[in-house]
Each structure stands twice: as structure tokens, then as C-alpha cells.
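So the structure is just underneath, and the comments pick up after that.
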Amino acid sequence: MAIELAREKYSGSVNTVELGAARANGGTRAGVIKIGGETTMPFLFEEGDMPNPPVVGMEIFDCEPTDWPDGLKEAFGDALKDPVKWAKKCVSDFGSQFLCVKLMSPHPDWGGRSTNDAIIFLKSLLQEVAAPLVIIGCGDAQIDNDLMAKASQAAKNEKCILGIASQNNYKTLTASCLADGHSIIAASPVDVNIAKQVNILISDMGLDPKRIVMDPTTASLGYGMEYVYSIMERARLSALAGDKMLSMPFILFIGQEVWRVKEAKDSAPLGVKWEIATAAAMLQSGADMLVMRHPQAARAIVKYIDMMMKR
């Protein structure tokens, strides 16, 4: 007697968000990336669809990173001293599908350069590299209010994703996204209710919910990842049940979490495995965009996604 497997069918879906504008649409990017659109939990193709596979991008800064372990720096060589060269290497040599650009140099702990210097770099990057961009501020709220408004204007019509908006600091960035045609990253501290509230606040300012990507705040393997997993799973199940204010795709900053833990700092080969394991687990919880650091880990996760997307 055949056993019939239990399958879930959902009424809701995840929003589809576009990253990048090609020349035909007023931008200069090499192509457009679509994320989201799922009508099922990850890779359960008997229960629904995943029209857009998760995407993998690599992280670059506008200055040489000061807190990366030597084993991670060695993967990039001298390119780390020239951010544009670094970006080109990520795209041409490592196959990065998008770039996550962190404008860190205006932060007091990263050199304290002027925001105008960071924007000069961003404009140069936009001319030299055609990959779609996620653009992130330095993490200082006061500086980012000025910095990200300028970054938004510099990348006008390129359909970037800008971040990071929080419950207490979302208005200026949302206004910039509205003015210049970008999408936004809405961050929350591993809390479904706060994640929903931030999405509501941004939407109430007039930004289309289909231009919001959620950052639930991730963690590395062994450092709270399982709790993040459960929060993401709850949010995704709510989206599939029809909750429009939790129907946004997820972006996760895997690399920054992994390469700060002791195991990765002490051993680059172990760090690569740690990054792969963390990313693979987060894909199973619903991640749509992964921001990676080590090229070996990024390549391995692209192959893993390709394998999982086979039906």
C-alpha cells in the first residue's frame, strides 16, 4: 500500500524584489536580479514554487578592512588596498552575482574620512563595475543620515538596495529610496514583531512593500544561529499564510558574522567551512540574498543552490 506524503499548500507568497536597472530601464547595471516570489518553504517544490533562486553576493568596503583575519585577507591579495580593483575581482574572478558595498571610511574607527570622499568612490565604482549593488552605511546613525542620502542620489535610477533602516532610524533612508528609486533593507533584532513593525513604518511613508528586504539579524554557526533560524521560519510561515507585512525576502550578512568568531579567526580553512555551513543552514530557513566574504565559501554556496534548485 502506497504511503501518501503530507503536503502543505499555502495561500500567501513572498514579495518579488528587483535589484539593478539595465540601460533599457534608465540604469547602467549589467542585468536585473529578482529575489523572492516563493509560495512554499525553501526547496519544497511539491508544495509550491521558488521562481527565483537565492543569490550570492560578496562584500567590499570603500577602504582596506582593518579587522579581517590574515587568512581571509590572503584570498584577495593586494586587491584589498584598491576597492575598485577588489570589486572587479569579486565579479570577474569569483563570480559574485551582486556586490554589497559598505561605505565604512567615514566612521571614526575606520579613518573618519568625509562622506564626500566615500561618494567619490561610489561614483567611480558605478562607472567601473556593472554588477547590481547593495549599498550599506558605516553604522554610525548620524553620519549615515548624511552619507546614505548622498549615496542614494549618486546611484539614482540604478535600483540599488540601501541599508540599513531600523525601528529608530528609518525616515531619512526611506525618503531617499522614495526619491531615487531604490529598495531598502529593514533590520530587526531577531524579533518577528519588531520586524513587522519596521516594515509597517516604512510602508506608511509610502514605500511599496515590494521594495523592502528584511534583515532579521543573523548569527554564525554555534553562536545563536538556531534561534535566528526559528525566527526566520516563523516569519516565512506567516508570509505564506497571507501576512503582507512579513512577506518580504530576507538578506543575511553571513560573512561578517562568521569571520568574527574565534574558529574562523584561528583557521582560514575552518572559517571557510564555517561560512559554508552557516549559509547552507540559513538557506533552509528562507534566505533569499546571502552576503559572503571568502570566495571559496561563496562558490560552494552557489553550487549548493544550483543543486537544491533541481526539480
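The values are calculated or read from the model by the stated rules, or taken from the named source; none is laboratory data. It should be emphasised that the depicted structure is a prediction, and the values quoted were computed from it without experimental measurement. Note: ideal-geometry Cβ built from the backbone for every residue, glycine included; neighbour counts use all protein chains shown.
Name the single residue, out of those in the range 92-120 being closer than 15 Å to Met292 by Cα and of a type in the set (A, V, I, L, M, F, W, C), that is surrounded by the fewest Cβ atoms within 10 Å (Cβ to Cβ). For the range 92-120, the residue satisfying everything is Phe94.
Just one of the listed residues (Gly206, Gly222, Gly163) is assigned to a loop (DSSP other than H, G, I, E, B) and in contact (Cβ under 8 Å) with a residue 40 or more places away in the chain, and it is Gly222. Cβ separations smaller than 6 Å between residues 6+ apart or across chains give the following pairs from the range 291-311 residues that are farther than 19 Å from Phe45 by Cβ to residues that are of a type in the set (Asp, Glu): Val291/Glu59; Arg293/Glu59; His294/Glu275; Ala297/Glu275.
Within the range 234-264, the set of residues being out of contact with any helix residue (DSSP H, G or I) (no Cβ under 6 Å at 6 or more places or on another chain), within 16 Å of Pro295 (Cα to Cα) and in a helix (DSSP H, G or I) comprises Gly255, Gln256, Glu257. The set of residues in the range 114-160 being assigned to a helix (DSSP H, G or I), closer than 20 Å to Trp86 by Cα, aliphatic (A, V, I, L, M) and touching a residue at least 12 places away in the same chain (Cβ under 8 Å) consists of Ala118, Ile119, Leu122, Leu125, Leu126, Ala151. For the range 205-221, check the following and say yes or no: at least one residue is surrounded by fewer than 23 Cβ atoms within 10 Å (Cβ to Cβ), closer than 27 Å to Ala21 by Cβ, in contact with a helix residue (DSSP H, G or I) (Cβ under 9 Å, 6 or more places away or on another chain) and of a type in the set (S, T, N, Q). There is no residue in the range 205-221 that is surrounded by fewer than 23 Cβ atoms within 10 Å (Cβ to Cβ), closer than 27 Å to Ala21 by Cβ, in contact with a helix residue (DSSP H, G or I) (Cβ under 9 Å, 6 or more places away or on another chain) and of a type in the set (S, T, N, Q).
Of the residues that make up the range 266-286, is at least one part of a loop (DSSP other than H, G, I, E, B) and either surrounded by 21 or more Cβ atoms within 10 Å (Cβ to Cβ) or not small (Gly, Ala, Ser) (or both)? The answer is yes, given that some residue of the range 266-286 is part of a loop (DSSP other than H, G, I, E, B) and either surrounded by 21 or more Cβ atoms within 10 Å (Cβ to Cβ) or not small (Gly, Ala, Ser) (or both).
Just one residue in the set Lys9, Lys34 is under 24 Å from Ile185 (Cα atoms), of a type in the set (D, E, K, R) and surrounded by fewer than 20 Cβ atoms within 10 Å (Cβ to Cβ); that residue is Lys34. Filter the range 133-176 down to residues that are of a type outside the set (Ser, Thr, Tyr) and over 21 Å from Asp62 (Cα atoms) and give me whichever is surrounded by the fewest Cβ atoms within 10 Å (Cβ to Cβ). Step by step, filter the range 133-176, then rank; the result is Asn168.
Only one of the listed residues (Ile194, Ile184) is without any contact (Cβ under 8 Å) to a residue 40 or more places away in the chain and touching a Cys at 6+ places or on another chain (Cβ under 6 Å). That residue is Ile184.
Within the range 30-44, residues that are in a strand (DSSP E or B) have Cβ atoms under 6 Å from residues that are small (Gly, Ala, Ser) in these pairs: Ile33/Gly20, counting only partners at least 6 apart in sequence or on another chain.
For every residue, the table says whether it meets (1) in a loop (DSSP other than H, G, I, E, B); (2) out of contact with any helix residue (DSSP H, G or I) (no Cβ under 6 Å at 6 or more places or on another chain); (3) within 22 Å of Met308 (Cα to Cα).
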site	(1), (2), (3)
Ala2	yes, yes, no
Glu8	yes, yes, yes
Glu46	yes, yes, yes
Thr66	yes, yes, no
Val84	no, no, no
Ser96	yes, no, yes
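Scanning the range 68-91 finds no residues that are basic (Lys, Arg), surrounded by 23 or more Cβ atoms within 10 Å (Cβ to Cβ) and modelled with pLDDT of 95 or more. When restricted to residues that are over 15 Å from Val14 (Cβ atoms) and in a strand (DSSP E or B), the range 48-64 contains 6. Of the candidates Glu59, Glu4, Glu8, the single residue that is among the charged types (D, E, K, R) and within 18 Å of the chain's Cα centre (by Cα) is Glu59.
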